[in-house]
Amino acid sequence: MIDAKPFLADSHSSATGAGMPDLRIVALSVAATAGQPPEILEKVAKESAKEIIDGLTKGVKGVVAGPPAPLKPKPAEVLSYTGKNYDEAIETMEKFFLSNRWSDGLPIVPATKEAVGSMLKGTDLPRDHVVGIVDPRKGIATVEKIAINAVMAGARPAYMPVLISIVQALTDPSFDLYGVQATGGLAAPLVIVSGPIIKDLNINFSYSTAGPGWRSNSTIGRAMRLILINLGQAWPGVNDMKDVGNPAKFGILIAENEAQTPRGWPTLREQEGFSKDGSTISVYASQSYRQVMKHSIKPYIEEATFEQMKTALTADASQWGEEIVFVFSPSYAEALANAGYTVDSIRRALFEEGRVPRRIFGPRPLGALAVASGIPKWIDELPDNFGVPVVPSAEHIKLFIGGGRGPGCSFMIDQWGFGNSHFTTKEVKLPPNWRELVNELKGWETPIEVK
Amino acid sequence: MKTRGNLSLILIVLTIFCALYTELVNAQVTLNVLDPRGELFTPPVMPTTARLDTLAGKKIGILNNTKPGADAFQPYLEKALKEMVPTIEFKTWVIPYNAYPDKEKDLKALAEWSNGVIGLLGD
């Protein structure tokens with residue numbers, strides 16, 4: 001395999017994770033080959049030719065083929081940190097965690113045996129139950145490991161059912177967690193909660209649902225990120241090759257505002273095929289968050305949305321085929337509903353009206369990367385000015401109501417479109433002691449303004 | 001005698017005091033936490049295939065994974081290798097990096113045709 005220089009560690013990590021620790025990898029002396037002038041490419045090719053030939057002809061150490069190791073995870077080891085006093089011992093722990101990349105950079109709550117024991121009361125699953133395998137390094141997510149990272153994030157035991165569902169969704173093949181974690185594209189999982197659990201856990205669904213201030217929103221998102229760091233073991237510049245990163249990597253959780261959803265509009269969980277009586281979480285490989293405003297110079301309320309839809313691909317048309325999420329604020333949704341729209345009709349309208357000219361896909365024929373991204377060949381045959389829908393179908397548009405009743409500022413969130421990641425929804429299953437767990441949250445609430 | 005006895009007592013008290021003070025100064029608190037990292041699932045290990053004795057006269061399959069750098073670099077790679085080993089034969093398979101699970105037939109064809117394979121490009 002040939003690689004650009006910055007990706008060498010990433011390639012070795014991927015090869016080992018795929019069961020090929022001996023794969024011969026040659027790193028070119030440039031950071032990228034795309035866009036390089038011919039004289040540089042010629043020089044690099046000549047420099048690396050001998051190493052490439054050696055890779056095909058010289059002997060390797062040789063590994064013995066073997067079956068996968070049985071999935072029998074051991075209980076978590078105890079790690080000890082000392083200091084002259086408790087604060088100093090915590091500092092020693094923090095410094096160790098930071099230097100070993102076990103931290104998100106924020107102060108950590110120590111995951112003592114007692115704290116993890118309390119956290120485990122949030123589920124009736126056994127502590128060694130395997131919830132999923134977390135890419136890219138295939139860390140085994142047992143209930144115990146989820147609980148440890150939840151303690152570190154400052155989560156409460158009642159959040160465990162949500163966290164377990166999040167890990168189930170992230171590790172579902174439909175989410176392509178490997179791609180999301182390792183890509184150079186600026187992707188980060190976004191969590192969306194729908195259902196009665198929002199009220200039970202004091203999850204902010206109103207003003208600034210996507211922001212800080214609530215123990216639940218902040219620590220569930222944070223716990224997810226710590227799980228991705230410590231179980232998935234994706235590290236910036238090593239095997240997570242995002243150039244700039246994404247603020248959503250801090251862990252964003254948005255909740256549906258069901259109370260202020262227009263009458264007759266189905267909730268997100270119903271749109272996803274789940275019962276209205278239960279609760280769900282969805283994970284989405286978010287990339288960019290763009291504002292959609294109700295107040296615009298356009299005469300019709302919905303035109304701002306159509307215009308924003310058209311921008312989804314202007315940066316990179318090769319991402320065609322992705323899903324798009326709209327989070328409409330209550331006042332924006334109300335205006336759409338008053339104009340006669342339903343969820344289905346707004347999705348159809350977005351599909352029909354949110355179009356981009358064929359010419360933004362580039363010259364004919366479509367390049368290999370375009371084909372790889374799933375852009376169908378029929379787009380090649382269209383005239384340059386033909387309006388191509390931004391998404392393959394109206395069903396690729398997800399929308400729900402979130403946030404408080406303000407001036408109408410809503411979000412269009414586009415998706416990392418280079419892999420195979422899809423919007424993935426799981427039911428949140430509650431343990432028998434659920435009401436007891438919810439009662440334990442008294443005192444941990446922040447008021448939620450609903451107007 | 002009395003003075004010597006008093007001195008001894010003072011010495012003993014001082015020694016005990018110093019020992020206690022040293023213990024107080026060096027007291028340590030130990031914080032025990034559980035390891036947050038997951039054990040890693042080990043997939044089946046596949047050994048690397050045997051190396052070729054020479055590339056002369058060999059068929060080298062190029063697996064172009066459609067990342068942007070692959071198309072850019074491939075012509076220069078083939079030219080550089082041909083300059084060193086003129087009798088290499090190249091054939092290219094363009095298989096998108098995110099389509100491998102669905103492209104088993106193409107990957108098998110690549111493996112069957114080739115004596116050796118070069119993968120382009122890991123980004």
Going by the structure shown, is A:Gly340 free of Cβ contacts under 8 Å to residues at least 12 places away in the same chain and more than 24 Å from A:Ala210 (Cα to Cα)?
yes
Among residues belonging to region A:20-45 that are without any contact (Cβ under 8 Å) to a residue 12 or more places away in the chain and within 8 Å of another protein chain (Cβ to nearest Cβ), point out the one that is nearest to A:Asn239 (Cα to Cα).
A:Met20
Restricting attention to region B:10-61, report how many residues are touching a residue at least 24 places away in the same chain (Cβ under 8 Å), crowded, with 17+ Cβ neighbours inside 10 Å and out of contact with any Gly (no Cβ under 8 Å at 6 or more places or on another chain).
0
Within the group A:Leu226, A:Leu253, which residue is more than 14 Å from chain B (Cβ to nearest Cβ) and not in a loop (DSSP other than H, G, I, E, B)?
A:Leu253
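Conditions (1) over 20 Å from A:Ala141 (Cβ atoms); (2) surrounded by fewer than 21 Cβ atoms within 10 Å (Cβ to Cβ); (3) modelled with pLDDT under 95, marked per residue:
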| residue | (1), (2), (3) |
| --- | --- |
| A:Leu186 | yes, yes, yes |
| A:Ile192 | yes, no, no |
| A:Phe205 | yes, no, no |
| A:Ala223 | no, no, no |
| A:Gln233 | no, no, yes |
| A:Pro236 | yes, yes, yes |
| A:Lys242 | yes, yes, yes |
Being under 29 Å from A:Pro173 (Cα atoms) and among the hydroxyl-bearing types (Ser, Thr, Tyr): is that true of A:Ser410 here?
no
Residue set A:Ser103, A:Ser165; condition buried (at least 16 other Cβ atoms within 10 Å of the Cβ), facing another protein chain (nearest Cβ under 10 Å) and of a type in the set (S, T, N, Q); output residue A:Ser103
Counting only residues that are in contact (Cβ under 8 Å) with a residue 12 or more places away in the chain, closer than 16 Å to B:Phe90 by Cβ and charged (D, E, K, R), region B:62-75 contains a total of 0
Tell me the strands (runs of 3 or more DSSP E) entirely within region A:126-213 that contain at least 1 residues that are over 16 Å from the mean Cα position of the chain (by Cα) and closer than 21 Å to B:Asp35 by Cβ.
A:130-134, A:139-142
Among the residues that make up region A:379-399, is at least one of them of a type in the set (Lys, Arg) and more than 14 Å from chain B (Cβ to nearest Cβ)?
yes
Quick check: is even one residue across region A:121-141 touching a His at 6+ places or on another chain (Cβ under 8 Å) and either crowded, with 24+ Cβ neighbours inside 10 Å or of a type outside the set (Lys, Arg) (or both)?
no
Residues of region B:83-123 being closer than 13 Å to B:Lys67 by Cβ and acidic (Asp, Glu), in sequence order, are B:Asp123
Got a number for residues in region A:76-97 being assigned to a helix (DSSP H, G or I) and under 33 Å from the mean Cα position of the chain (by Cα)?
8
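Quick grid of which residues meet (1) among the aliphatic types (A, V, I, L, M); (2) more than 7 Å from chain A (Cβ to nearest Cβ):
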{"residue": "B:Thr42", "(1), (2)": "no, no"}
{"residue": "B:Pro68", "(1), (2)": "no, no"}
{"residue": "B:Ala72", "(1), (2)": "yes, no"}
{"residue": "B:Pro86", "(1), (2)": "no, yes"}
{"residue": "B:Trp93", "(1), (2)": "no, yes"}
{"residue": "B:Lys103", "(1), (2)": "no, yes"}
{"residue": "B:Lys108", "(1), (2)": "no, yes"}
{"residue": "B:Asn115", "(1), (2)": "no, yes"}
{"residue": "B:Ile118", "(1), (2)": "yes, no"}
From the list A:Gly417, A:Gly403, A:Gly408, which residue is modelled with pLDDT under 90, crowded, with 19+ Cβ neighbours inside 10 Å and more than 26 Å from A:Gly184 (Cβ to Cβ)?
A:Gly408
Residue identified as modelled with pLDDT under 80, under 36 Å from the mean Cα position of the chain (by Cα) and of a type in the set (D, E, K, R) among A:Lys72, A:Lys61
A:Lys72
Positions within region A:381-396 being surrounded by 15 or more Cβ atoms within 10 Å (Cβ to Cβ) and in a loop (DSSP other than H, G, I, E, B), in sequence order:
A:Leu382, A:Val390, A:Val391, A:Pro392
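So that you can scan it fast, the table gives a plain yes or no per residue for (1) modelled with pLDDT of 95 or more; (2) touching a helix residue (DSSP H, G or I) at 6+ places or on another chain (Cβ under 6 Å); (3) farther than 24 Å from A:Leu56 by Cβ:
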residue: B:Gly5; (1), (2), (3): no, no, yes
residue: B:Leu11; (1), (2), (3): no, no, yes
residue: B:Ala19; (1), (2), (3): no, no, yes
residue: B:Ala27; (1), (2), (3): no, no, yes
residue: B:Phe41; (1), (2), (3): no, no, yes
residue: B:Thr48; (1), (2), (3): no, no, no
residue: B:Asn64; (1), (2), (3): no, yes, no
residue: B:Ala70; (1), (2), (3): no, no, no
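Let's see how each residue does on (1) modelled with pLDDT of 80 or more; (2) of a type in the set (Gly, Ala, Ser); (3) assigned by TED's automatic domain parsing to the domain that holds A:Gly179:
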site	(1), (2), (3)
A:Met293	no, no, yes
A:Lys298	no, no, yes
A:Thr314	no, no, yes
A:Val343	yes, no, yes
A:Arg348	yes, no, yes
A:Pro383	yes, no, no
For region A:99-125, which residues satisfy the criterion of being under 30 Å from A:Thr16 (Cβ atoms), of a type in the set (Ser, Thr, Tyr) and part of a helix (DSSP H, G or I)?
A:Ser99
Quick one: count up the residues across region A:373-394 that are among the charged types (D, E, K, R) and either within 14 Å of A:Ser318 (Cα to Cα) or under 20 Å from the mean Cα position of the chain (by Cα) (or both).
2
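The values are calculated or read from the model by the stated rules, or taken from the named source; none is laboratory data. Everything numeric in this text was worked out from a predicted model, so none of it was measured. Virtual Cβ from ideal backbone geometry, glycine too; neighbours counted across all protein chains shown.
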